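Read through the structure below, which is laid out as structure tokens, and then see the notes.
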Amino acid sequence: MILTRHEIREHINKGTLAFEPELDEFQNQPHAVDLRLGTVFYLPKIWRMTEAGREIVAVDVTETAGDNYEKIELKPGQYFDLAPGESIIASTLEKICLEAPDIMGILYPRSSINRRGLSVDLTGIIDTFYCGNLMIPILNKTSSQVIRIYPGERICQVVFHKLTQSLTREEALVHGKIAAKYSDSDGHNLVSKKDDQEEIDLIKSGNLKGLKEHQY
């Protein structure tokens, strides 16, 4: 079941759904909430200097990505130009906290953003009991246009779903074998973090059979 604006407002009034800063009237949609672009941006690094020399950055998805990005924080009134084909990560302006045991959210791009030539990838699920800022991957899909974006503009929307069964906080914050990696994130620590080391070791060794011996 998808929550309407009336049910979203009820949860906000009860404190089981919270936004910081609080929502404004421009963000209110019939069955969703628009989220605004924050001031923190992450630009992928192409190369780095090591003792061996200049190395091209090779991204390994089994490792953390903090060193693979340059972080930029804009001041109010500044803008961010995306070059043609450029891909970045940005934070939402709002921190969101889901305190209801039976509510989760799903992020979607705003169609008006897509019409400008930007691709805002579906950034996934907001888990029950999640609290923090959200990561927004943004791609300039054009081949020749520089696209200017501004902190504070509405960039994506979150749709809230009611679960068929409530979860405890402990249940909701366990993902696979480890604790949720991104809960309590703010705009300054949104880059990817490592999965469980045992899982990574099995993947890197090619032991797919060993992975599947860990029964669900």
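Tabulated data
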read-out: Square roots of five times the Cα gyration tensor eigenvalues for segment 1-79, Å; value: 41, 16, 10
read-out: Segment 5-212: relative contact order as a whole-number percent, Cα under 8 Å and 6+ apart; value: 26
read-out: Hits among aspartates and glutamates - C-alpha to C-alpha of residue 204 under 18 Å, sequence gap 8 or more where chains match; value: 60, 63, 195, 196, 213
read-out: Protection proxy ranking, peptides 47-57, 162-172, 91-101, 139-149, average beta carbon neighbours within 10 Å, highest first; value: 91-101, 139-149, 162-172, 47-57
read-out: Whichever aspartates and glutamates have a C-alpha closer than 19 Å to that of residue 162, once near sequence neighbours (fewer than 8 apart) are set aside; value: 7, 10, 34, 99, 102, 127, 170, 171
read-out: Cα pair distances in the chain, grouped into 5 Å bins until the bin that holds the longest one, percent each; value: 1, 6, 12, 16, 16, 16, 13, 10, 6, 2, 1, 0
read-out: Of 141/212; 45/141; 14/75, those spanning more than 29 Å from alpha-carbon to alpha-carbon; value: 141/212; 14/75
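Taken together, the values in this text are just the output of simple stated rules run on the coordinates, not laboratory data. Small disclaimer: the values here were computed from a predicted structure and weren't measured. Because the Cβ atoms are built from the backbone with ideal geometry, glycine has one as well, and the counts that use them run over all protein chains shown.
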